[in-house]
Amino acid sequence: MAVINEQGLQQIAEIIKQHQMLAGAMLPILHAIQNSVAFIPDNAMPLIAKALNVSRAEVHGVVSFYHHFRTEKPGNHVIEVCRGESCQAMGSRTLERAIKSKLAIDYHQTSSDQQYTLEPVYCLGNCACSPAIRIGDDIHGEVDPGKFEQILDALTTYSLELK
Amino acid sequence: MSRKIYLSLDTTARSRGTDLVAAQVEKKLKAQPELNGKLIRNGSRGMFWLEPLLEISTPKGRVAYGPVAASDVSAILNQQCFDDVIEHPLCLGFTEQLPWLKSQQRLTFARVGVIDPVDVEDYINHDGFVGLTNALAKTAQQLVDQVKESGLRGRGGAAFPTGIKWQTVLDEPEQQKYIVCNADEGDSGTFADRMLMEGDPFVLIEGMIIAGLSVGANQGYIYLRSEYPQAHHILKLAIKNAEKAGYLGQNIAGSQHHFALEVRLGAGAYICGEETSLLESLEGKRGLVRAKPPLPAIEGLFGQPTVVNNVISLASVPYILTHGGAKYRDYGMGRSRGTLPVQLAGNIAQGGLVELAFGISLNQLLQQYGNGTKSKRAMSSIQVGGPLGAYLPSEQWDTPLDYEAFSSIGAVLGHGGIVVFDDTVDMAAQARFAMEFCEVESCGKCTPCRIGAVRGVEVIDKLLAGNNSEAQRQDHLSLLHDLCDTMEFGSLCAMGGMTPFPVRSALKYFPDHFVTPPLNHEDQVND
Ligand SMILES: Cc1cc2nc3c(=O)[nH]c(=O)nc-3n(C[C@H](O)[C@H](O)[C@H](O)COP(=O)(O)O)c2cc1C
Ligand code: SF4
Ligand code: FES
């Protein structure tokens with residue numbers, strides 16, 4: 001499990017302070033941390049436990065229960081591929097094979113250049129235009145291997161522009 | 001006054017490119033201020049094959065163009081387009097006259113795709129908050145009676161009568177009570193909750209306030225799945241605007257009543273759609289299913305009496321309080337009253353949202369709205385009601401959309417998702433996936449589900465391995481049937497309890513898909 005540096009921890013302590021008064025604050029805190037540093041660092045868990053007055057094991061238990069939360073730093077782009085039935089009916093099995101082979105990673109893995117992390121997802125509510133994938137907060141529909149390559153090209157061009 | 005142009009900000013509409021078209025529209029309006037046009041981003045009408053659907057307001061009604069590409073904008077937007085239908089290859093005529101839309105009974109979805117979803121004034125101009133105003137003049141018992149009279153049953157899947165649930169919470173002594181909206185919409189093939197939250201969040205908010213008045217609750221939570229970033233964004237804006245306008249917080253609509261509302265995000269766990277698991281999750285715990293009793297209505301969120309209702313159930317309440325329970329009850333058949341927002345998905349040419357009174361048959365629905373498969377091949381199997389729903393072969397497509405009719409054939413209507421497969425489907429792969437899904441999403445609390453799903457995948461793999469003698473095949477099959485029985489009867493909740501539905505229906509109606517050599521077996525080996 002990955003940890004974060006002192007500066008990151010301070011940021012996390014601030015996040016915890018902002019949310020800990022909420023009723024049932026655990027998930028809001030975990031979301032806020034992951035939104036800000038991309039994963040739930042191992043050394044953040046004792047802070048959460050203390051703030052919410054629960055054991056560290058309980059924080060671990062919650063983090064591991066939910067597919068959305070990750071304990072390792074992901075690649076720059078998290079690509080979620082829908083495995084739901086509607087997408088299956090439109091060829092998502094072929095699509096997921098093509099994506100895995102294009103990125104040379106399997107689900108729950110990050111490419112060696114730290115660009116991409118691949119995750120399965122079970123329905124994005126885009127079932128009228130299956131198959132669907134999600135990258136960041138963007139949802140793409142009617143994706144086939146060809147369209148996926150275009151989406152990927154656009155992502156790479158965009159990240160180059162930023163540099 | 002400026003002249004209005006509409007493009008949707010709905011997730012699926014955006015996935016088809018409405019943002020690009022919107023950027024082009026803005027550019028054109030800036031370059032030609034004399035057009036005096038204003039772009040409004042609204043929900044979607046649910047005709048997704050026509051998205052990006054551009055609508056232009058004229059004195060005669062809205063005119064629709066679709067599917068529009070950014071490069072079409074310039075030719076469409078001119079002085080004439082604001083007066084009437086124009087000659088253009090993408091012009092579809094008046095939106096409200098399109099047969100696909102006109103023939104629907106949009107009670108709950110009346111405003112979706114029509115209004116600006118985060119504009120309180122627009123909502124009020126379209127009969128918004130009339131139900132709430134009426135509700136404020138009634139006693140809690142009168143409100144619950146209206147909902148009972150409507151015959152409304154929960155749209156989340158279990159179809160429990162909403163009025164009876166509310167009565168239980170109302171009957172609990174005065175104390176902190178909660179209204180929880182189940183916006184986890186985990187079923188594949190469904191997107192009605194998402195469309196409603198993105199297209200008309202105020203109707204959900206209004207429904208939740210009325211629920212609060214009905215049972216004596218002053219705090220509400222919307223538990224939204226994290227897979228819906230756009231709905232999250234819109235809900236937060238809508239709540240802020242409703243607070244500013246005095247419809248949430250202290251003294252709602254100038255009354256003595258208070259109601260606060262918050263959105264909370266789930267974290268990618270299908271089981272958290274099950275109401276007790278959802279409550280655990282809201283409390284900040286692992287989403288382990290609770291044994292019932294106690295019912296959430298008596299000991300729910302933080303141990304307090306809690307109404308848990310699906311988005312569509314709650315969003316149907318303002319109609320009931322506006323027009324009366326009896327009016328809502330007039331729609332439907334048998335014990336399924338009112339309307340069901342059906343979602344057409346999978347391999348279908350015209351995927352989208354069809355809200356209709358209960359009673360139409362699956363066949364009629366597909367003929368009238370679906371326009372065949374996208375692949376142009378024959379339809380072969382239809383899964384209704386999400387991943388725990390049965391696969392229906394063509395001989396069952398004359399079943400009317402009615403909770404009892406579906407349960408009489410071992411199927412479920414669930415949340416109204418209809419996923420069409422063409423004749424290339426491998427039903428053995430679908431059965432295997434049902435078990436695999438249960439393995440991934442089981443909360444792990446009870447053995448039949450947690451272990452059963454793993455064994456289910458194994459035995460299906462053995463069955464399909466291709467080197468079985470007939471005796472071995474029969475052994476695997478009977479093991480699979482036994483496993484289904486154990487899961488159905490031994491599981492604590494419907495996750496393990498209903499996973500056998502898709503599996504058994506595949507075995508029963510598509511037996512030739514389970515013989516070796518399989519049709520498309522390499523499909524699942526790598527999963
Ligand atoms: C495994 C499982 C998943 C469920 N998922 C959902 C869901 O995503 N959305 C929903 O509204 N109900 C879901 N339900 C049903 C809820 O448990 C509950 O019946 C519903 O929220 C009650 O609201 P209603 O009466 O308005 O339908 C699920 C049930 C089970 C067993
Ligand atoms: S049936 Fe499955 S999901 Fe439901 S309580 Fe048991 S283990 Fe959990
Ligand atoms: S099943 Fe893939 S988006 Fe719904």
Here the net charge surrounding B:H476, from other residues whose Cβ is less than 12 Å away from its Cβ (Lys, Arg +1; Asp, Glu -1), is -2
Trypsin sites (Lys or Arg not before Pro) in the stretch B:334-400 lying in a DSSP loop, each with at most 11 other Cβ atoms within 10 Å of its Cβ, come to B:K376
Mean separation of Cα contacts under 8 Å (at least 6 apart) over the residue count of the stretch B:427-514, i.e. the relative contact order in percent, is 40 percent
Measuring from its Cα centre, the stretch B:179-288 shows a charge dipole (+1 at each Lys and Arg Cβ, -1 at each Asp and Glu Cβ) which, in debye to the nearest 20, is 380 debye
What helix-only [θ] at 222 nm does chain B give? Using -39500 (n - 2.57) per DSSP H run of at least 4, over all residues, to the nearest 500, the answer is -11500 deg cm²/dmol
Taking protein heavy atoms only, a 1.4 Å probe, and rounding to whole percent, the accessible area of the protein assembly as shown owed to carbon and sulfur comes out at 51 percent
The stretch B:199-249, Kirkwood Rh and Cα Rg, ratio Rg/Rh at 0.97
Karplus-derived 3J(HN,Hα) from phi for the stretch A:105-116 (6.51 cos²θ - 1.76 cosθ + 1.60, θ = phi - 60°), whole Hz, x at Gly and Pro, runs 9, 9, 4, 6, 10, 10, 5, 5, 7, 6, 7, 10
Regression test value, accessible area per residue of the stretch A:6-65, probe 1.4 Å, units Å², expected 47 Å²
Which residues qualify? For B:N42, with a placed amide H closer than 5 Å and at least 5 residues away or on another chain, they are B:L7, B:S8, B:L9
Projecting the Cα atoms of B:V68, B:F48, B:N78 onto the charge dipole of the stretch B:13-142, where Lys and Arg contribute +1 and Asp and Glu -1 at Cβ, the residue farthest towards the positive end is B:F48
For chain B, the charge dipole (Cβ of Lys, Arg +1; Cβ of Asp, Glu -1; about the Cα centre) points to a positive end, and the Cα of B:M1, B:N468, B:S277 closest to that extreme belongs to B:M1
Given unit charges at Cβ for Lys, Arg (+) and Asp, Glu (-), the dipole magnitude of the stretch B:427-514 about its Cα centre in debye, nearest 20, is 120 debye
Buried accessible area between B and A, both sides, 1.4 Å probe, in Å² rounded to 100, is 4100 Å²
About its Cα centre, the protein assembly as shown carries a charge dipole, from +1 on Lys and Arg Cβ atoms and -1 on Asp and Glu Cβ atoms, whose size in debye to the nearest 20 is 920 debye
Those residues in the stretch B:344-381 that give up at least 20 Å² of accessible surface, probe 1.4 Å, once the partner protein chains are present instead of the chain by itself are B:G346, B:N347, B:K374
Mean per-residue count of partner chain Cβ within 10 Å for A:89-95 equals 6
Rounded to whole Å², per residue accessible area for the stretch A:77-162 with a 1.4 Å probe reads 40 Å²
If unit charges are put on Cβ atoms (+1 for Lys and Arg, -1 for Asp and Glu) and the dipole of the stretch B:332-422 is taken about its Cα centre, the option from B:Q383, B:I409, B:T373 lying farthest towards the positive end turns out to be B:T373
Relative contact order in percent for chain B (Cα pairs under 8 Å, 6+ apart) equals 13 percent
For chain B, the convex hull over Cα atoms projects on average to an area in nm² of 24.7 nm²
Filtered hits (lysines, Cα-Cα < 19 Å from B:K28, offset >= 8 within chain) -> B:K4, B:K38
Partner lysines whose C-alpha sits under 22 Å from that of A:K50, ignoring same-chain residues fewer than 8 away, are A:K17, B:K285
Dividing the mean separation of Cα pairs under 8 Å (6+ apart) by the residue count of the stretch B:160-281 yields a relative contact order in percent of 29 percent
Over chain B, with neighbouring protein chains present, the accessible area per residue in Å² at probe 1.4 Å is 36 Å²
Expressed in nanometres to one decimal, the distance between label points 7 Å along Cα→Cβ at A:E14 and B:L477 is 6.6 nm
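The values are calculated or read from the model by the stated rules, or taken from the named source; none is laboratory data. Quantities reported herein were computed from a predicted structural model and do not represent experimental measurements. Backbone-built Cβ (ideal geometry, glycine too); neighbour counts: all protein chains shown. When the accessible area is computed, the model is the full protein with side chains, heavy atoms only, and any ligands, DNA or RNA have been set aside. Shrake-Rupley method; radii C 1.70, N 1.55, O 1.52, S 1.80 Å.
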